[in-house]
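S.K.: So that we are looking at the same thing, I have put the structure below in structure tokens.
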Amino acid sequence: STIPQYFKENGYVTMSVGKVFHPGISSNHSDDYPYSWSFPPYHPSSEKYENTKTCKGQDGKLHANLLCPVDVADVPEGTLPDKQSTEEAIRLLEKMKTSASPFFLAVGYHKPHIPFRYPKEFQKLYPLENITLAPDPHVPDSLPPVAYNPWMDIREREDVQALNISVPYGPIPEDFQRKIRQSYFASVSYLDTQVGHVLSALDDLRLAHNTIIAFTSDHGWALGEHGEWAKYSNFDVATRVPLMLYVPGRTAPLPAAGQKLFPYRDPFDPASDWMDAGRHTEDLVELVSLFPTLAGLAGLPVPPRCPIPSFHVELCREGQNLQKHLQLHDLEEEPDLFGNPRELIAYSQYPRPADFPQWNSDKPSLNDIKVMGYSIRTVDYRCTVWVGFDPS
């Protein structure tokens, strides 16, 4: 059972915009419709151009590049997928404003996924001369080969191919490393503006006082740390994600009449003031905790913990309910509320087809997995163990 399926079964209108479930076999080639969604999911029409030759190179021709800052007016359909998703999300919010049913809206943005195809003006926020390299930009001498991912999908891009980088350990030339980092940061800021437009619409439609918001991602991304790029590893930089929650009246006071909780901030306007920062917790949590947390916050029954084995149970959960973290007051008032941070742990795992980097090390098919890396993270330590794996 998915989170939207559970909400749908409990009377919610559930809506999907953009890349929410991964396309293909992992969502049964249907985005899990009709089980998870009240009506067919929306996908931006310009999505099909993401990996085509739409990036203008120095030769004036179009290429399928990794780095792809664009003039939006010049690209096919004159728009980008995440812009279209924002427009559709706002349209659905307007529709739900007058509905008697509670709603669950999932908005899946593409960026900062590769290729870094984003409006070129966002580069101005990150001048190339200010971009530094990763603090540890070299492959460690003692790194076990099985732990390394050779970032094959990056090597397939035309601008990276032109660099003729050795396989599997690189390295990428330093000037191009800075350009990758610049484009990643610019893509994130472009994404921030899209999130800002959706939140601002929530305010304008007077839905901010009774809508819970969760913001997260599916993985991190190495930007040159220990000579690594992309996401296909068990390193901390690839397994950590942002996780932010807004709960009306709990994480922030309810907005007064006419007050805006989420006024849109233009990143290109120097007069635009900063938002007050939310409360930040250092505690370790896992994404499997989203299900029980959102269910609990919405007042739905929180499914029971999974027994071992759990194949005979129709619905259960492995994550913890994170409601106790979502308090307006400071931690000092109730130091015993959260327990000992040294007892908190988080797990992640990543597969490999062999002990040494090869062409399919990043994305092995199930049948090709021979080794599985299991990571355990505590507040002080991190340990990854690579063990033999039987895909059958």
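S.K.: Ordering E156, E88, E121, E286 by how much accessible area each has at a 1.4 Å probe, largest first, what is the list? It would help to have the intermediate numbers written out before the result.
M.R.: Values: E156 125, E88 25, E121 70, E286 50 Å².
Largest accessible area first, the residues go E156, E121, E286, E88.
S.K.: How high is the FRET efficiency between K53 and N164 when r is their beta carbon distance and R₀ equals 22 Å, given to the nearest 0.05? It would help to have the intermediate numbers written out before the result.
M.R.: Details: r = 20 Å, r/R0 = 0.93.
Approximately 0.60, to the nearest 0.05.
S.K.: Let me cross-check H22: its accessible surface, 1.4 Å probe, with only protein heavy atoms counted, in Å² to the nearest 10?
M.R.: Using a 1.4 Å probe on the heavy atoms, I get roughly 110 Å².
S.K.: Here's something else I'd like to know. With a 1.4 Å probe and all protein chains kept in place, how much accessible area does M244 have, in Å² rounded to the nearest 10?
M.R.: Surface open to solvent at M244 totals about 110 Å².
S.K.: To continue, here is another question. Keeping every protein chain present and rolling a 1.4 Å probe, give me the accessible area per residue for the chain in Å². Show your work: numbers first, answer last.
M.R.: Numbers: 21500 Å² over 392 residues.
Spelled out: the 1.4 Å probe surface of the chain, per residue, equals 55 Å².
S.K.: If you build the convex hull over the alpha carbons only and average its shadow over all orientations, what do you get for the chain? Give it in nm² to one decimal. Each step should come with its number before you reach the end.
M.R.: Numbers: hull surface 87.8 nm².
Dividing the Cα hull surface by four gives the mean projection, 21.9 nm².
S.K.: Related question: Taking R0 as 35 Å, what FRET efficiency do you get between R206 and T132 from their Cβ-Cβ distance, rounded to the nearest 0.05? Don't skip to the end; give the middle numbers.
M.R.: Values: r = 43 Å, r/R0 = 1.24.
Approximately 0.20, to the nearest 0.05.
S.K.: Testing the spin-label approximation: label points 7 Å from Cα along Cα→Cβ at I308 and S392. State their distance in nm.
M.R.: Rounded to a tenth, the inter-label distance reads 2.6 nm.
S.K.: With both bridge residues required to lie in the chain, what share of the DSSP beta bridges run antiparallel, to the nearest 5%?
M.R.: Working: 22 of 35 bridges.
Bridges in the chain that DSSP calls antiparallel: roughly 65 percent.
S.K.: Considering only Cα-Cα distances, which of the following residue pairs are longer than 26 Å: K111/K363; K48/K111; K95/K231; K61/K363; K120/K231?
M.R.: Those over the limit are K95/K231; K61/K363.
S.K.: Follow-up. Put R352, R279, R305 in order of accessible area, largest first, 1.4 Å probe: what do you get?
M.R.: R305, R279, R352
S.K.: Continuing with this model, one more query. Going by average Cβ neighbours within 10 Å, how do the peptides 99-105, 6-12 rank, with the highest at the top? Walk me through the intermediate numbers first.
M.R.: Numbers: 99-105: 14.4, 6-12: 16.7.
Final packing ranking: 6-12, 99-105.
S.K.: Pulled fully out, how much extra length does the chain show between V385 and V241, if you take 0.36 nm times their separation in residues and subtract their Cα-Cα distance?
M.R.: 49.7 nm
S.K.: Classify region 13-66 from the C-alpha gyration tensor, please: rounded if a/c falls under 1.5, else prolate or oblate depending on whether a/b exceeds b/c.
M.R.: Working: a/c = 4.87, a/b = 2.94, b/c = 1.66.
Verdict is prolate for region 13-66.
S.K.: Please list, or write none, the aspartates and glutamates whose alpha carbon is within less than 12 Å of the alpha carbon of K260, excluding same-chain residues fewer than 8 places away.
M.R.: Candidates past the 8-residue exclusion: D203, D204.
S.K.: Further question: Report, ordered by chain and residue number, the aspartates and glutamates lying within cross-link reach of K19, taken as a straight Cα distance under 15 Å and ignoring same-chain residues fewer than 8 apart.
M.R.: Once the sequence-local aspartates and glutamates are set aside, what remains near K19 is D31, D32, E47, E50, D82, E87, E88, D218.
S.K.: Turning to a different aspect of this structure: Just how much of D71 is accessible, in Å², when a 1.4 Å probe is used and the result is rounded to the nearest 10?
M.R.: 60 Å²
S.K.: Then there's this: Give a quick list of trypsin sites (Lys or Arg not before Pro) in region 55-99 that DSSP marks as loop, anything other than H, G, I, E or B, with at most 15 other Cβ atoms within 10 Å. List each step's numbers first, then the result.
M.R.: On the way: sites: K56, K61, K83, R91, K95, K97; in loops: K61.
Qualifying residues, ordered by number: K61.
S.K.: Working with all protein chains in place, sort S189, S45, S392 by solvent-accessible area computed with a 1.4 Å probe, largest first.
M.R.: Working: S189 15, S45 50, S392 130 Å².
So, going from the largest accessible area down, we get S392, S45, S189.
S.K.: Along the Cα-to-C-beta direction of A214, a point sits 7 Å from the Cα; which residues of region 104-133 have their amide N less than 18 Å from that point?
M.R.: The answer is 104-109.
The values are calculated or read from the model by the stated rules, or taken from the named source; none is laboratory data. Computed from a predicted structure; not experimentally measured. Glycine also receives a Cβ, built like all others from the backbone with ideal geometry; neighbour counts cover every protein chain displayed. Remember, those area values only see protein heavy atoms, side chains included, never the ligands or the DNA or RNA. Shrake-Rupley method; radii C 1.70, N 1.55, O 1.52, S 1.80 Å.
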